[in-house]
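Visitor: Let me give you the structure first, and then I'll get to my questions.
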Amino acid sequence: MLRHALRQCALFAECTDAEVAAVLPLLGERAVPAGTVIVGEGEPATELFVILRGRVEVTKRAPGGQEHRLTFLGDGTTFGELTLVDRGPRSASVRAVEPTTVAVLAMAALDRATAGDPATRGRMLYGLAAHLARRLRGVSEVTAAALQHELELAETRVRMGTFLTYVVFILVGYGFVLRMVVDFAKTAADTTVVTIPILLGLAVPLWVMMRRSGEPLATYGVTRRNAGPAARDGFVWSIPMLIAAIALKIALVRSVAGLDDAPVFALGGFRDPTVPAGHAWFALWMSLAYVAMVPLQELIARGALQTSLQRFLAGPHATVMAIVLADAMFVASHLYLSTTFALIAMLPGLLWGWLYARHGTLIAPIVSHALLGWWTLFALGFDRLLM
């Protein structure tokens, strides 16, 4: 086993059978449990290791103390080879990622065994040089690929940052427009009358910006990829909120004065004798118009806002922050209806943001948004309770 391992090892590739046989007695096997640090960065370098079975990871500490993984090593590879020429401190740490068996060669024992045989040591150094040359070539290729990837990420962040800036300016501008139509919104028979032109005014310039951003439309969730699972998730994850909305309506009917006779299922007023039939039919058509506008709402909130934030922000919590910020910014545009309505709308908005991040397509949030919106506003009549 040890002889075969040494023969597979680049370090001993130039050694003769007799030289390999001379080294074998100097090796000792060591079983290393998963998670064990075999060598630590900064420790004295006194041993060379050959992996017989298992897998290890090589890590390096950054100046700030954070560890970064450099590579993985498996059967037949070596680490600690530089001890042949340099007994300085270890330049990296090596940790077993699974149960591993290594052959250990103490440098002091190798020095004694090759003290009168410089040819053996010379061939080992030649094998080390060839091994390091191959490793350096591989590192150069990996470094070039990493630099190219970082460059592409930087360019993407610049594009998304520019896009996000325009999006924020558009939302601020429409914030002033919304403030000017507050009085009309309060007197309109249905707030959808106000919402539709506002959504169109937001969506059209954003769509133009998406087409000119240099990114494919799929980047903004405009894709049918994974449509089936996305639609199914949008429906399934909406069910608990549909049930919660019914429970909330029942609680309001039973506890709020003036709602004693209100039906749980308003259906736009069809079940309320105090609502004229014409108003009920108008509410039905407006609810269908609302559903038709849901894709535009999701294009703005998730496609434009959340996507640009996800691509622009960095860090382990970038997606969560993008979901919350995009939802908060879009919900703020509903404050002209009522503060209560805007705050309640934020809860399902977080669900839609998560669905979008999960599937990468607007189909999932569109399905959920259309279902929950129609259910709460038309079927249960929450718009009349919260405005």
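The values are calculated or read from the model by the stated rules, or taken from the named source; none is laboratory data. Remember, it's a predicted structure, so these values are computed and weren't measured experimentally. In this analysis, Cβ positions are derived from the backbone assuming ideal geometry, glycine residues included, and neighbour counts consider all displayed protein chains. Ligands, DNA and RNA are stripped out before the accessible areas are found, and what is left, the full protein with its side chains, is counted by its heavy atoms. Shrake-Rupley method; radii C 1.70, N 1.55, O 1.52, S 1.80 Å.
Visitor: Sort through 218, 251, 227 and tell me the only one that's surrounded by 13 or more Cβ atoms within 10 Å (Cβ to Cβ) and at negative phi.
Guide: 227
Visitor: For region 67-101, which positions are of a type outside the set (Gly, Ala, Ser) and surrounded by 18 or more Cβ atoms within 10 Å (Cβ to Cβ)?
Guide: The answer is 73, 77, 78, 79, 81, 83, 84, 90, 94, 95, 100.
Visitor: Looking at region 231-241 only, could you name the residues that are surrounded by 16 or more Cβ atoms within 10 Å (Cβ to Cβ) and assigned to a helix (DSSP H, G or I)?
Guide: Scanning region 231-241 gives 231, 233, 234, 241.
Visitor: Let me ask something else. Could you list all residues from region 20-44 that are closer than 13 Å to residue 107 by Cα and touching a residue at least 60 places away in the same chain (Cβ under 8 Å)?
Guide: Selection gives 23, 26, 27, 28.
Visitor: Would you please name the residue that is nearest to residue 320 (Cα to Cα), looking only at residues in region 350-371 that are open to solvent by 40 Å² or more (accessible area, probe 1.4 Å) and of a type outside the set (A, V, I, L, M)?
Guide: The selected residue is 354.
Visitor: Look through 58, 37 and report the one residue that is at pLDDT 85 or above and in contact with a Phe, Trp or Tyr (Cβ under 8 Å, 6 or more places away or on another chain).
Guide: The conditions single out 58.
Visitor: Here's a follow-up. Restricting to region 45-59, name every residue that is open to solvent by less than 80 Å² (accessible area, probe 1.4 Å) and part of a strand (DSSP E or B).
Guide: Matches in region 45-59: 47, 48, 49, 50, 51, 52, 56, 57, 58, 59.
Visitor: In addition: Go through region 73-107 and count every residue that is hydrophobic (A, V, I, L, M, F, W, C) and either modelled with pLDDT under 80 or at positive phi (or both).
Guide: Of the residues in that region, 4 qualify.
Visitor: Then there is this: Based on what the data block shows, is residue 332 open to solvent by 60 Å² or more (accessible area, probe 1.4 Å), of a type outside the set (Phe, Trp, Tyr), out of contact with any helix residue (DSSP H, G or I) (no Cβ under 6 Å at 6 or more places or on another chain) and modelled with pLDDT under 90?
Guide: So residue 332 does not fit the description; no.
Visitor: Here are the criteria: (1) within 25 Å of residue 21 (Cα to Cα); (2) open to solvent by 30 Å² or more (accessible area, probe 1.4 Å); (3) of a type outside the set (Asp, Glu); (4) touching a Ser or Thr at 6+ places or on another chain (Cβ under 9 Å). Tell me which single one residue 118 does not satisfy.
Guide: Single failed check for residue 118: (4).
Visitor: Just one of 289, 370 is under 22 Å from residue 233 (Cβ atoms) and modelled with pLDDT of 80 or more; which is it?
Guide: Being under 22 Å from residue 233 (Cβ atoms) and modelled with pLDDT of 80 or more holds for just one of 289, 370, which is 370.
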